Amino acid sequence: MKQALKWWSYRQAMRFFLEAETIRDGLLQESFTIRRRLDLLTTNTHNFSYEKTQEWLNKFENFHHSLVQLSERLCPASIQDSLPLSIEYLLETWFTSHPNLYFHVDMPMAWRPESTERSLIILRAIEELLKIAIPPGLTKPISIYISLRNKDDLGLLKVQITYPNISSLLAYSNLPELEYLCESFKILMAGKCFCYSSNLRVDWYFCW
């Protein structure tokens with residue numbers, strides 16, 4: 001239990017560290033560049049052309065879009081109103097960055113009230129599971145089915161991963177980090193976490 005919580009704390013600390021690095025190396029540098037160029041444009045009015053204006057308006061729009069994405073990664077705007085929407089937004093980044101993953105997402109239209117803290121734990125659990133259980137740099141397709149259900153007044157999240165071959169299954173379904181994730185979820189959510197394996201498929205269940 002202690003090892004699992006230490007692992008969870010470390011993973012979340014590293015997540016925030018990497019986000020801070022993204023801000024320092026990307027967004028802050030971009031904001032300085034935009035500010036500097038706008039200052040130059042206002043002091044050199046002969047360079048204040050329509051094309052230049054559009055160029056920097058586009059840069060500002062990209063900057064704004066990056067800020068929105070960062071905000072959503074840290075805490076989705078929909079998290080207080082809809083856990084299913086927050087899960088779908090989280091998975092959108094995986095859709096675009098992992099073209100060899102084939103997702104089928106089955107979310108309910110409505111969901112019971114869920115605290116922000118608990119919703120964030122669920123989102124982080126999904127994210128950590130995908131990071132651990134999906135082979136990096138994969139070239140063969142992997143199918144992933146994710147569903148959210150109410151069952152006997154309990155929340156039930158199912159993540160089903162179908163691997164392309166037995167070697168991938170054996171390598172990525174029995175890692176110690178997965179046990180840490182499971183134990184952390186059970187402690188933090190006062191819930192249950194377990195998995196079943198059949199052929200090339202692993203079914204993960206998170207209940208709370």
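The values are calculated or read from the model by the stated rules, or taken from the named source; none is laboratory data. If you're wondering where the values come from, they're calculated on a predicted model, not measured in any experiment. Note that each Cβ is placed from the backbone with ideal geometry, even for glycine, and that neighbours are counted across all protein chains shown. Note: accessible area is taken over every heavy atom of the protein model, side chains too, but ligands, DNA and RNA are not part of it. Shrake-Rupley method; radii C 1.70, N 1.55, O 1.52, S 1.80 Å.
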- [ ] Write out the cysteines belonging to the chain for which the nearest other cysteine Cβ is not under 4.7 Å, or none if no such cysteine exists.
- [x] Cys75, Cys195, Cys207
Task: Positive-pole candidate from Tyr180, Gly137, Pro164, dipole of the stretch 126-208, charges at beta carbon - done: Pro164
Task: Accessible surface of the chain, 1.4 Å probe, proportion on carbon and sulfur as whole % - done: 56 percent
Open item on the list: Just to confirm, what accessible area per residue do you get for the chain at 1.4 Å probe, in whole Å²?
Closed with: 59 Å²
Task: For the chain: Kirkwood Rh in Å [reciprocal of mean 1/r, alpha carbons] - done: 19.5 Å
Task: Spatially proximal lysines relative to Lys158 (Cα-Cα < 28 Å; intrachain offsets below 8 disregarded) - done: Lys2, Lys6, Lys131, Lys140, Lys186, Lys192
Open item on the list: Helix 2-22 against the longest principal axis of the chain: what's the angle in degrees, Cα atoms only, rounded to the nearest 10?
Closed with: 20 degrees
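Restricting to the chain, compute how many DSSP beta bridges are antiparallel as a %, nearest 5.
Details: 23 of 29 bridges.
Looking only at bridges with both residues in the chain, the antiparallel portion is about 80 percent.
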